[in-house]
Amino acid sequence: MTRRSQADDYRQIPSVDRVLRHPPVRTMCEAHGRTRVRDWIRGVLESIREADTLMSESATNNGLLDTIAERIGAIAGEDARSGLRPVINGTGVLLQTNLGRAPLAQSAIDAISHAARCCNVEVDLDSGRRGKRGVAVEDKWRELTGADAALVVNNCAAATLLTLRTFARGREVILSRGQLIEIGGSYRLPDVFAEADVTLREVGTTNRTHLADYEQALSDETRAVLRVHASNFRQIGFTHAVPAEELAGLAHAHALPLIDDIGSGCVYDLGKYGWHNEPTIGGSLRAGADLVLFSGDKLLGGPQCGVILGRGDLIEQIRTSPLTRALRVDKLTLAALEATLRIYLAGRAFEEIPVLRAIAQSMEQLHERAEHLRRQLGEGAAAKSVGVESLESVPGGGSLPGETLPSCGLVLRVPNCDDAARRLRLGTPSIMTRVHQGAVCIDLRTVVPDEDEALTAALARVLTDEQVAT
Ligand SMILES: *Cc1c(COP(=O)(O)O)cnc(C)c1O
């Protein structure tokens with residue numbers, strides 16, 4: 001092999017145009033756009049110039065072009081992996097805000113694709129005239145909950161902001177100190193008040209607030225009483241909060257509305273599953289709340305949105321606010337929400353809505369699924385590192401703090417857990433696990449059962465690599 005000078009090497013580096021004409025690169029231009037591929041080529045050529053030696057001293061010109069094309073292919077692959085990708089949630093956290101909270105029911109997913117082109121979001125097909133956005137969904141809310149009226153906006157934070165601003169802009173709203181919450185992701189109630197231009201009238205102490213505290217805070221400036229579910233923390237010990245019924249009584253005696261932010265939008269009582277502290281929509285309405293606010297993508301199991309249910313006259317006032325237009329939902333959200341509500345109306349929520357189905361899965365069912373998946377992995381040396389074990393799921397997503405559900409899943413015992421967890425995350429589909437006490441845990445309660453096969457396939461691939469690696 002003859003040694004060449006660096007100058008010779010540089011002369012060998014093809015021009016950007018030459019690389020663009022190379023057939024495999026031409027194909028990439030069709031898929032990714034010529035401008036982007038040209039930028040990628042420039043980057044690759046730059047890195048070759050910066051390196052001391054060429055990638056291969058004996059490379060013929062075409063060999064070099066192929067190597068460059070390969071590097072560009074790798075960049076394209078990384079680019080494809082960098083956007084939103086499906087993830088299998090094996091974390092044991094039912095509602096992971098970072099994973100998009102509630103997975104949708106199949107009929108809600110189908111509804112999104114049906115609405116994706118043109119749909120009658122604001123047209124009455126019967127008369128051919130302009131219709132009101134969201135009517136079908138609002139009718140279903142009334143049917144399901146008995147509320148007078150409903151309004152759907154971008155999320156619960158938007159619902160709170162809109163409600164406060166509509167009724168109390170420049171005035172006061174009373175709230176217990178024990179309910180002055182931060183949800184995370186920059187949702188802090190005092191900031192929402194400030195943004196709504198409403199004065200927060202805090203009453204009581206951190207741990208105890210009494211009806212008399214609210215009474216004393218009432219003034220000519222008061223426009224509403226707010227109650228907020230402490231969804232992501234729990235107070236125990238010497239505590240007192242005023243029940244919704246009593247707050248409603250006080251508010252109504254002073255012709256004020258009671259606004260109740262219940263957080264999760266739970267339709268059914270979950271006491272049967274050992275979860276006793278989650279407020280329900282019906283419970284809040286029955287207690288006398290004039291407006292009930294909640295998220296669509298928590299325990300309701302629908303798409304991201306914020307729902308305001310309650311008195312028709314109040315909802316109408318909110319609807320006419322200019323801010324409502326800015327915070328409205330799109331047709332895809334309406335389609336998914338409508339399909340989700342149809343499931344509730346059909347009485348099939350615990351069969352079809354993934355988050356409720358996950359809560360309702362018995363230990364026997366979970367164990368059976370885990371054993372089945374374990375058998376599918378076979379008996380190879382690598383598969384032997386996987387066992388079926390008991391785990392604990394948690395609600396997450398700002399619901400039921402401190403509560404857990406017994407669960408079951410696959411537990412991977414390998415020398416380098418963090419590395420295995422990383423490779424599972426980067427696989428296709430991506431699998432999010434929980435590394436706990438020196439093992440990689442995949443909790444099956446949070447894995448949508450339709451994804452079981454994809455899960456074992458991805459796991460088998462990682463295990464094979466693991467064997468190669470060890
Ligand atoms: C989660 C939560 C919110 C925020 O809901 P988003 O839909 O994420 O905006 C507000 N209030 C309570 C009580 C919550 O639990």
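Since every read-out is calculated from the coordinates, none of them should be taken as a lab result. Fair warning: this is a prediction, and the values are worked out from it, not measured in the lab. Cβ atoms come from the backbone with ideal geometry, glycine included; neighbour counts cover every protein chain shown.
Looking across Asn120, Asn89, one residue alone is of a type outside the set (A, V, I, L, M) and either touching a residue at least 12 places away in the same chain (Cβ under 8 Å) or closer than 24 Å to Ser295 by Cα (or both). It is Asn89. Among residues of segment 137-159 that are in contact (Cβ under 8 Å) with a residue 40 or more places away in the chain, those with a beta-carbon under 7 Å from a residue that is crowded, with 21+ Cβ neighbours inside 10 Å and among the aromatic types (Phe, Trp, Tyr) at least six positions away or on a different chain give the pairs Leu144/Tyr344; Ala147/Trp141; Ala150/Trp141; Cys156/Phe294.
Taking the residues in segment 266-299 that are among the acidic types (Asp, Glu) and more than 18 Å from Ala159 (Cα to Cα) as candidates, determine which candidate is nearest to the ligand (Cβ to nearest atom). Even if it seems obvious, please write down each step before you answer.
The initial filter retains those residues of segment 266-299 that are among the acidic types (Asp, Glu), namely 269, 278, 290, 297.
With more than 18 Å from Ala159 (Cα to Cα) added as a condition, the list becomes 269, 278.
Numbers: Asp269: 17, Glu278: 10 Å.
Checking each candidate, the answer is Glu278.
Selection of segment 384-418 for residues being out of contact with any helix residue (DSSP H, G or I) (no Cβ under 8 Å at 6 or more places or on another chain), without any contact (Cβ under 8 Å) to a residue 40 or more places away in the chain and surrounded by 15 or more Cβ atoms within 10 Å (Cβ to Cβ) yields Val411, Cys417. For segment 134-185, a tally of residues being farther than 29 Å from Thr209 by Cα, surrounded by fewer than 23 Cβ atoms within 10 Å (Cβ to Cβ) and within 14 Å of the ligand (Cβ to nearest atom) returns 1.
So for segment 228-238 (the condition being under 24 Å from Ala326 (Cβ atoms), crowded, with 20+ Cβ neighbours inside 10 Å and within 16 Å of the ligand (Cβ to nearest atom)), does at least one residue qualify? I'd like the intermediate steps shown before the answer.
First, the residues of segment 228-238 that are under 24 Å from Ala326 (Cβ atoms): 228.
The next check asks that each one be crowded, with 20+ Cβ neighbours inside 10 Å; those that pass are 228.
Checking the rest, the ones that are also within 16 Å of the ligand (Cβ to nearest atom) come to 228.
Yes, some residue in segment 228-238 is under 24 Å from Ala326 (Cβ atoms), crowded, with 20+ Cβ neighbours inside 10 Å and within 16 Å of the ligand (Cβ to nearest atom).
When segment 272-306 is filtered for residues that are over 17 Å from Thr160 (Cα atoms) and either of a type in the set (Asp, Glu) or touching a Lys or Arg at 6+ places or on another chain (Cβ under 7 Å) (or both), only Glu278 remains. Screening segment 113-133 for residues that are surrounded by 12 or more Cβ atoms within 10 Å (Cβ to Cβ) and of a type in the set (Gly, Ala, Ser) and picking the one that is farthest from Ala102 (Cα to Cα) gives Gly131.
Among helices (runs of 4 or more DSSP H) entirely within segment 348-438, having at least 2 residues that are touching a Lys or Arg at 6+ places or on another chain (Cβ under 9 Å) and over 28 Å from Ser295 (Cβ atoms) singles out 417-426.
Taking segment 249-265 as the search range and keeping residues that are more than 22 Å from Asp197 (Cα to Cα) and assigned to a helix (DSSP H, G or I), which one is farthest from the ligand (Cβ to nearest atom)? Among residues in segment 249-265 that are more than 22 Å from Asp197 (Cα to Cα) and assigned to a helix (DSSP H, G or I), the one farthest from the ligand (Cβ to nearest atom) is Ala253.
Kindly check whether there is at least one residue in segment 229-248 that is assigned to a loop (DSSP other than H, G, I, E, B) and without any contact (Cβ under 8 Å) to a residue 12 or more places away in the chain. First the steps, then the outcome.
Our first condition is that a residue be assigned to a loop (DSSP other than H, G, I, E, B); within segment 229-248, this holds for 229-239, 241-243.
Now drop any that are not without any contact (Cβ under 8 Å) to a residue 12 or more places away in the chain, which leaves 236.
Scanning segment 229-248, I find at least one residue that is assigned to a loop (DSSP other than H, G, I, E, B) and without any contact (Cβ under 8 Å) to a residue 12 or more places away in the chain, so the answer is yes.
Annotation note: Cβ proximity below 9 Å between a residue of segment 302-318 that is in contact (Cβ under 8 Å) with a residue 60 or more places away in the chain and part of a helix (DSSP H, G or I) and a residue that is among the charged types (D, E, K, R) and away from the ligand (no atom under 16 Å from the Cβ) (sequence gap 6+ or interchain) occurs for Gly312/Asp148; Leu314/Asp148; Leu314/Asp290; Ile315/Glu138; Ile315/Asp148.
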